[in-house]
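Undergrad: Got a structure for you, written out below as structure tokens; questions coming shortly.
Throughout, read-outs are computed from the coordinates displayed, never taken from laboratory work. Because the structure is predicted, anything quoted here is derived from the model rather than measured. Neighbour counts run over all protein chains shown; Cβ positions are idealised from the backbone, glycine included.
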Amino acid sequence: MIKITNLEKYYKTEEVQTIALNKLSFEVKQGEFAAIMGPSGCGKSTLLNILGLLDDPDGGSYLFNGIEVAGYNERKRAQLRKHNIGFVFQSFNLIDELSVFENVELPLIYTGVKPAERKERVHAVLEKMQIMHRRKHFPQQLSGGQQQRVAVARAVVNNPKLILADEPTGNLDSSNGNEVMDLLTELNEAGTTIIMVTHSEHDAKFSHRIIRMLDGQKVTENVLV
Amino acid sequence: MIRNYFKIAWRSLVKSKGLTLINLIGLATGFAITLLIVQYVQFERSYENTHPNADRVVRLTLNLMTGNSVTTQDSEMYPPVGPKLVSEVPEVEAYSRVYAIGEPNSPMQIKEQQFLMKDLYAVDADFFKMFNYKLIHGSEKDLFKKPNQAIITESTALKYFNRTDVVGEVIKSPRSSEDILYNVVGVTHDSPPNTHLKFDMLISYPTMLADAEMLKRHGERDENWNNNNSYMYVKLVKGADYKHFTTSLAAFNKRLIDEKKIKSEEIIGQKIKDIHLYSKKTFEPETNGDAKSIFFLLGVALLIIISAYVNYINLATSKALDRAKEVGIKKVMGSTITQLRLQFLVESLLINVLAGGLALLLVWIGKSSFLSLSGLPEDFVLFGNLTFWVLLFTFIVLGGLLSGLYPAIILSSFKPSTVLKGDFSHSIKGTFLRKGLVIFQFAITIILLIQTFTVNEQLEYMRGLDKGVNVERSIIVEAPTKNSSENYSVFKQSLLANSNINAVSLSHTVPGQPSASLSTTADIHITGVTPEQYHNFYITFIDKDYIPLLDVEMLAGTNFDEGTTPEKSQVVVNEEALKHWDIQTPEDAVNKKLTFWGNEWTIKGVVKNYHQQSPKSPFLPMIHIFNNNFRSLATVQFNGGSSGDNVAQVKENFNAVYPEAPFSYFFMDQEYNKQFEADDRFKNVFMILTAFSILVACLGLLGLASFSVEKRRKEIGIRKVIGASTTNILILLSKDFVKTVMLSVLLSVPISYLLIQNWLKNFAFKIDLHLWLFILPILLVFGLVLLSISIKTVKTAIANPIKSLRTE
Ligand SMILES: Nc1ncnc2c1ncn2[C@@H]1O[C@H](COP(=O)(O)OP(=O)(O)OP(=O)(O)O)[C@@H](O)[C@H]1O
Ligand SMILES: [Mg+2]
């Protein structure tokens, strides 16, 4: 599903140039659950942004479902992104002014789904995430774990083929964290490809394979399953 | 400590440069425009202030009545009214008649030098008890008690004598009969700009009675109850009760009617201080101002400055909330909120002081164009005026305190816990206030825009209207000072010998000149018919060539028969005049006899109504009397050529025939268009105000937009990650503003409608209100709204979302 070869990304600030990704290559198959680990600043988030088509690489190749997307412009990337990729962030990134229902509904609005169908699908996914009873609440009225479940619901409501999760349990205690990991495992078992960045060896064990990075490069790969 | 506050305030202003700039520009333009307009309003209200007795001086004017309703308000009066009032009404202690001689001007001669004197009045001796004109040279003893005395102003003296000490000099008024000589008995200072009655030269009223030809020509006899041609001013005794004077005047009117001196008329009093802003009578000595427009302008100026403050408060409050959060997070609430409040006051004062400085600069830059635009005198004292500085100081201090206090109070009204959570920025109150202010500003802007569009269209309409008279390509020559009629045919023939000259005609006045240039008489009726109502008829003297030259359409009858007797008693009237005699068709009127001025006249022809005056006024009932003497004006119509060449050509012919006479001319179309000047000026002032209002409103909006975009930066990032396109984001960000402006539209349209309707009442010929007058300004405002917010929104909408998410 995803194949990157010699992927490069640089950041230029005033005088220093940071190499965030240095000729990074790996592949993630359809239906796989991959974890990415590595010390802070090694380029994990940068990688995820590129994989998620939020940013473009400075070099190398990125095949998404066999199509080269490294040269895509912003508009094309956005188009591909909204139909295929869901995001889960460490800091949840819910919109404070919108209710749970409205937050989850948002991706469907942007992909042009009709209101009646939207309601149905949002309800279905909220049931699945077990936060249906909270659908009228606002993010600030929820606990961290609940907020992250809403974020996951929002990420999957469009039935994306790929979910990218950047430290999804980073702001959660262990029991809430485990709940979210269970959710992701379930989604993966239902066929969704998941790539997750994590600092926790415990969470990484939920995945099939751990890709370890250092200074923008891959160091090892442990296959768990 | 205080120094520290200023230091921090300065840093904070410098730090948010964009915001500071918006606030500065907004406040400074608000200050500047209000300062200028207040000065203008003050000047307009200062009329007659230079006359210490002004409160006791009353002008008497004449209402022409039909039954109990007033048909015409005439500012001129019968000459015997003054003396009669003094003897019969105890409140009146003095009077002066003021007779305008030689409208628009009078030929004069000093030694061999001939010139035309403008603003020349004959006044009674007591004129100087009412109006403050002290003599610089000459003696006040027995002043103007005798005929042939003259007083000239300083600048008139300088102009013709090159010195001011000219008492004892003689000024001659050349005439075809015996010349008349005026002895200069005094020199006075120039009329101030803020008086309704301005003059260059005054002559003693007894001259009007002593000189046989003047008596014949102007008819200012002591027992003349037929011609109301002079202004009449009376001075009330000290401490007189004006109400009581009004009752006395009513009784006086009644006596006059009983004595059959007046009929269907009423004499009313008018305080001279009310003339400039409130008087709109016929034959005013100069075009007056208009109280309504003045106060409207003042209102708009105040609204602009309030808008500027509102913008400031708005932005400062947003900033205050941001900082409160920051402070809250640092968990040092108690003392820092107080500090923060003080800090806001200092900052607000600082920015107001800066804005005051910038406003001074703006006023200085815009001063001369403002003066010419508003019609204020060129030497108008602006910066030397105490109110100017008091006002500026008030703006700065009061504005600074008020606008600084508001965010400070808002801060303290929130509990620390809410401040910490940072969710008050979405509180209903805040949103409501912010929106309300924007609605208010845009409502004003839309009202002003609609008004500007209407004013513009009405003026265009009047300009484009068929005048019924051709004023193009005509040069008007003023009559030579001597031997006028004799050589006229030579002059005319010499002009007509030029192939590029179409026609030449004589007349007393031409279209576009002030109505005062026409004579009026109320008692003109069909012979044998006693009229039930009296109306003012407007009389002018023309020759046979006048009507064809001006392309005035003849509806029935013929032009004058020159050469037949009695050619003198022929008149041509217009349709409007027929209405007053109940004559149904123009054909019916031909050959009917009219009686007025003790003569019988024959209606030779009827012409279609034409706009003798701008379409602002209704058609006048006009009587054209045949006259073949070159007494006033000769119209020379060309069929082409440059205006400069044409003038040179006319001048050459004129000088050949009248070698000693001064050559004075004007262009008929220019003279005609002068009537639009006041309205044009109004339009210009309006357009400038509108522009400023738009500027201030858009600046406010820009500030608000950047604030709200800033607040929503993260949300926008999230939405984009989830799949929102740039367009989605733009719509999202604009929607709120568009909705708000929609409310302004709803608010402003009915108000505009009423305002326009009211304004259009000033015009006899006016445009129909149509939808585009409203739609176009509204579209324009929406365009501007989207444009000003787009400066912020577009940048945010196209930004890469990961940037805004990273900043978390
Ligand atoms: N927008 C940016 N501008 C400049 N440098 C950046 C930018 N984004 C990331 N970097 C740099 O690129 C490198 C990789 O950053 P990245 O955020 O991918 O690290 P990370 O592995 O996700 O770290 P963490 O575990 O702390 O989240 C770092 O050195 C970081 O400082
Ligand atoms: Mg990271």
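Undergrad: In nanometres, what is the gap between the two model label sites at A:T185 and B:W389, each 7 Å from Cα along Cα-to-Cβ?
TA: So the label points at A:T185 and B:W389 sit 8.4 nm apart.
Undergrad: Counting other beta carbons within 10 Å of each Cβ, put B:H770, B:H624, B:H244 in order, fewest first.
TA: The fewest-first ordering by Cβ neighbours comes to B:H770, B:H244, B:H624.
Undergrad: Of the options B:S706, B:L769, B:I447, report the single residue whose Cα projects farthest towards the positive end of the charge dipole of chain B (beta-carbon charges: Lys, Arg +1; Asp, Glu -1).
TA: My answer, from the dipole projection, is B:S706.
Undergrad: With just the Cα atoms defining each centre, how far is segment B:82-160 from segment B:674-706? Give it in Å.
TA: Centre-to-centre distance over Cα atoms comes out at 44 Å.
Undergrad: A follow-up question, please. What per residue convex hull volume, in Å³, comes out for the protein assembly as shown when only alpha-carbon positions are used?
TA: Dividing the Cα hull volume of the protein assembly as shown by its residues yields 259 Å³.
Undergrad: Going through the DSSP H helices of chain B, which span 30 Å or more along their own axis at the Cα atoms while scoring at least 0.0 as a mean Kyte-Doolittle hydropathy?
TA: Within chain B the helices that satisfy the rule are B:17-45, B:291-329, B:333-374, B:386-413, B:428-464, B:677-711, B:726-760, B:772-798.
Undergrad: Additional query: Mind checking which of B:I688, B:Q73, B:N229 is farthest towards the positive end of chain B's charge dipole, using Cβ charges of +1 (Lys, Arg) and -1 (Asp, Glu) about the Cα centre?
TA: Checked the options; the winner is B:I688.
Undergrad: Could you list the trypsin sites (Lys or Arg not before Pro) in segment B:747-808 that lie in coil according to DSSP, counting only those with at most 15 other Cβ atoms within 10 Å of their Cβ?
TA: Passing both the DSSP loop test and the Cβ count: B:K761.
Undergrad: Can I ask one more? Of the options B:F667, B:Q584, B:Y488, report the single residue whose Cα projects farthest towards the positive end of the charge dipole of the protein assembly as shown (beta-carbon charges: Lys, Arg +1; Asp, Glu -1).
TA: B:F667
Undergrad: Let me ask another. Please list the three semi-axes, largest first and in whole Å, of the ellipsoid equivalent to segment B:649-808, using sqrt of 5 times the eigenvalues of its alpha carbon gyration tensor.
TA: The three semi-axes for segment B:649-808 are 56, 20, 12 Å.
Undergrad: For B:K146, list the lysines whose Cα falls under 27 Å from its own Cα; do not include residues on the same chain fewer than 8 positions away.
TA: Those lysines meeting the cut-off are B:K84, B:K111, B:K118, B:K129, B:K134, B:K159, B:K172, B:K198, B:K216, B:K235, B:K482.
Undergrad: Quick one: if you take sqrt(5λ) for each eigenvalue of the C-alpha gyration tensor of chain B, what semi-axes come out, biggest first, whole angstrom?
TA: 63, 32, 26
Undergrad: Right, here's the next one. Send over the per residue convex hull volume for segment A:2-223, Cα only, as a whole number of Å³.
TA: 129 Å³
Undergrad: What is the fewest-to-most order of B:E284, B:E715 by other Cβ atoms lying within 10 Å of their Cβ?
TA: Ordered by Cβ neighbours within 10 Å, fewest first: B:E715, B:E284.
Undergrad: Mean-square fluctuation check for chain A, GNM, Cα pairs under 10 Å: which of A:T185, A:T198, A:T169 is largest?
TA: Top of the fluctuation ranking is A:T185.
Undergrad: Still on this structure, please answer the following. Spin-label point model (7 Å from Cα, Cβ direction): what's the B:K280 to A:N6 distance in nm?
TA: With each label point 7 Å from Cα toward Cβ, the separation is 8.6 nm.
Undergrad: At 222 nm, what value in deg cm²/dmol follows for the protein assembly as shown if DSSP H runs of at least 4 each add -39500 (n - 2.57) and the sum is divided by all its residues, to the nearest 500?
TA: Calculated at 222 nm, the ellipticity per residue is -15500 deg cm²/dmol.
Undergrad: Straight-line reach from A:K218: which lysines have a Cα under 29 Å away, not including same-chain ones fewer than 8 places off?
TA: Result set, ordered by chain and number: A:K3, A:K9, A:K12, A:K23, A:K29, A:K44, A:K76, A:K82, A:K161, A:K205, B:K803.
Undergrad: Return the distance in nm (one decimal) between the two label points of a simple spin-label model at B:I731 and B:K803, each offset 7 Å from Cα along Cα→Cβ.
TA: Reported label-point gap for B:I731 and B:K803 is 2.5 nm.
Undergrad: Let me ask something else. Based on Cα positions only, what radius of gyration and what Dmax would you give for segment B:93-231, in angstroms?
TA: Both quantities, over Cα of segment B:93-231: 14.2, 43 Å.
Undergrad: Determine which residues of segment B:351-382 fall in the zone a paramagnetic label at B:L158 would reach in this model, i.e. backbone nitrogen under 18 Å from the point 7 Å along Cα→Cβ.
TA: What the label zone holds, given the 18 Å backbone N cut-off, is B:377-381.
Undergrad: Take the Cβ-Cβ distance between B:V170 and B:N599 as r, set R0 to 35 Å, and report the resulting FRET efficiency rounded to the nearest 0.05.
TA: Plugging the Cβ-Cβ distance into 1/(1 + (r/R0)^6) gives 0.40.
Undergrad: Next up: Could you tell me the calculated FRET efficiency between B:T527 and B:E140, based on Cβ-Cβ distance and R0 = 56 angstrom, to the nearest 0.05?
TA: E between B:T527 and B:E140, to the nearest 0.05, is 0.60.
Undergrad: Here is a further query. Could you please rank B:E265, B:E671, placing first whichever residue has the fewest other Cβ atoms within 10 Å of its Cβ?
TA: B:E671, B:E265
Undergrad: Let me ask something additional. Only loop residues by DSSP count here, and only those with at most 14 other Cβ atoms within 10 Å; note down the trypsin sites (Lys or Arg not before Pro) in segment A:169-217 that meet that.
TA: A:K205
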